[in-house]
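For reference, the structure discussed in these notes is given below.
The values are calculated or read from the model by the stated rules, or taken from the named source; none is laboratory data. Model, not experiment: these values are computed from the prediction. Don't worry about glycine lacking a Cβ; one is built from the backbone with ideal geometry, like all the others, and counts go over all protein chains shown.
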Amino acid sequence: MSTDPKVWTALITGGLAFLGTIIGLIVSVYTSKRLEILKAELSERGNRIQAKRDYEYEALKRIYAHYEAIRFQLIEACENTSKLLLELGYRYKVIEEIPKGSLPGGNYLQIATVYHLLLPCVYFQVLKHKLTLVDLDIICSIHLQYDITRSIYLVFTHDSEIARLAGLKYTPYVKGWRELREKDPHQYRR
């Protein structure tokens, strides 16, 4: 073996160059594999984002097709119900002052009252069958309106509480209620 420093320098330089080439090749292979993995992950993420965007777009179309078509009618029904309740409250406060013949006779007033009270509930049932939770989560104001409409609907399931607040005797869940409701329907008819 030669002890010439130039030979040793050339050998070391060549060895380091070879080692650098091997390391560069390994890094290149690793980097290309990692790049492929990142591309696949980005592609998958992009597909998920696109699928979500497509689903939300379809949900918006459903909202505009179903909810918006009923929304106007629901708002009108709620306003009419509100006016009816205020009018009924006013009538019962000043019942002596209402001139004879100013109110419709027969069952008209009862039927109209029941109709206007239940109409928002009908629209709630229609909406309930047409919308999904995703639909409601897309637009917060629609979710809020739906929740308010659901609350109106659920009021009718709290009949005992309403009667209690109004100070009425109301016991429709007693033994013999069928016979009792014929005698006193206000207390025994649900």
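From I70, I75, grab the single residue that is touching a residue at least 24 places away in the same chain (Cβ under 8 Å), under 24 Å from the mean Cα position of the chain (by Cα), closer than 26 Å to I148 by Cα and part of a helix (DSSP H, G or I).
I70
Quick one: would you say Q125 is modelled with pLDDT of 85 or more and closer than 25 Å to Q73 by Cα?
It is true that Q125 is modelled with pLDDT of 85 or more and closer than 25 Å to Q73 by Cα.
Suppose we keep only residues that are touching a Ser or Thr at 6+ places or on another chain (Cβ under 7 Å) and in a helix (DSSP H, G or I) within the range 163-190. Which one would you say is nearest to L88 (Cα to Cα)?
Of all residues in the range 163-190, those touching a Ser or Thr at 6+ places or on another chain (Cβ under 7 Å) come to 170, 187-188.
When the remaining residues are screened for being in a helix (DSSP H, G or I), the result is 187-188.
Working: Q187: 20, Y188: 23 Å.
The selected residue is Q187.
For the range 104-131, which positions are farther than 25 Å from Y57 by Cα and not in a helix (DSSP H, G or I)?
P104, G105, G106, N107
Looking only at the range 168-190, count how many residues are within 38 Å of the chain's Cα centre (by Cα) and under 19 Å from F156 (Cβ atoms).
Residues meeting the conditions: 10.
If you scan the range 132-159, which residues turn out to be under 25 Å from L117 (Cβ atoms) and not in a helix (DSSP H, G or I)?
F156, T157, H158
For L16, state whether it is of a type in the set (A, V, I, L, M, F, W, C), modelled with pLDDT of 90 or more, surrounded by 10 or more Cβ atoms within 10 Å (Cβ to Cβ) and in a helix (DSSP H, G or I). Give the derivation first.
On the way: of a type in the set (A, V, I, L, M, F, W, C): yes; modelled with pLDDT of 90 or more: no; surrounded by 10 or more Cβ atoms within 10 Å (Cβ to Cβ): yes; in a helix (DSSP H, G or I): yes.
It is false that L16 is of a type in the set (A, V, I, L, M, F, W, C), modelled with pLDDT of 90 or more, surrounded by 10 or more Cβ atoms within 10 Å (Cβ to Cβ) and in a helix (DSSP H, G or I).
In this structure, is I26 surrounded by 10 or more Cβ atoms within 10 Å (Cβ to Cβ), farther than 30 Å from D137 by Cβ and of a type outside the set (S, T, N, Q)?
For I26, the condition - surrounded by 10 or more Cβ atoms within 10 Å (Cβ to Cβ), farther than 30 Å from D137 by Cβ and of a type outside the set (S, T, N, Q) - is met.
I'd like the residue in the range 81-102 that is modelled with pLDDT under 80 and surrounded by 11 or more Cβ atoms within 10 Å (Cβ to Cβ) and, out of all such residues, is nearest to the chain's Cα centre (by Cα).
L88
Write out, first by first residue and then by second, each pair whose Cβ atoms fall under 7 Å of each other, whose residues are 6+ apart or on separate chains, and whose first residue, in the range 130-151, is without any contact (Cβ under 8 Å) to a residue 40 or more places away in the chain and surrounded by 14 or more Cβ atoms within 10 Å (Cβ to Cβ) while the second is acidic (D, E) and assigned to a helix (DSSP H, G or I).
So the pair list comes out as H143/D137.
Would the range 65-74 turn up any residue that is of a type in the set (G, A, S) and modelled with pLDDT under 85?
yes
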